[in-house]
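Report on one structure; see the data block that follows.
What follows draws every value from the coordinates through simple rules; no lab data is involved. Computed from a prediction, not measured in an experiment: that's the story for all the values here. Every residue, glycine as well, gets a Cβ built from its backbone with ideal geometry; the counts of neighbours run over all protein chains shown.
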């Protein structure tokens, strides 16, 4: 499933070394690895195994985003597509880890489920035991703005998965 702005954002911003956080089955590997050195991580072993089968040339690692096993300032881009950050249990811890592994002025690019679709998603997520907190665009910008500089977002109030771009301050 390709989200509305992914290809445009990836073409415009993704260069250098990219971490695909919550890579799932590797659906973004071909796009993200086109102009960048790619590493995909996911906490789910089954997802990583599927990604390795789908894209044998890609580097996919089982890893918890709250304990990233990378050196400081390793990545130019941390990309998190398809709403994965809204499912993180300890978001502050994950954001601090992302901040640590991003180079100075590196970019955090992610999609975040729009609050408008909350009721539908809440039922789906509760069935699967996933914690989910819907946020408005303003709330996303304020929350992530504690750690990063807001650059822009793609999508409006009616988009299911608007994309946000922030840069690392240090």
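When the Cα convex hull of the range 1-68 is projected onto planes of every orientation, the mean area is 4.5 nm². Counting neighbouring beta carbons within 10 Å and listing from fewest to most, the residues 46, 74 come out as 46, 74.
How much length would be gained if the chain were fully extended between residue 143 and residue 72, taking 0.36 nm per residue of separation minus their Cα-Cα distance, in nm to one decimal?
Details: separation 71, 0.36 × 71 = 25.56 nm, distance 2.25 nm.
Gain in length upon complete extension: 23.3 nm.
Look at 73, 99 and count the other Cβ atoms within 10 Å of each Cβ; fewest to most, that gives 73, 99. Modelled label positions at residue 45 and residue 136, each set 7 Å beyond Cα in the direction of Cβ, lie 4.4 nm from each other. Summarising the label geometry, the points placed 7 Å from Cα in the beta-carbon direction at residue 93 and residue 64 lie 0.6 nm from one another.
For the pair residue 12 and residue 151, the difference between a 0.36 nm per residue extended length and the Cα-Cα distance amounts to 48.7 nm.
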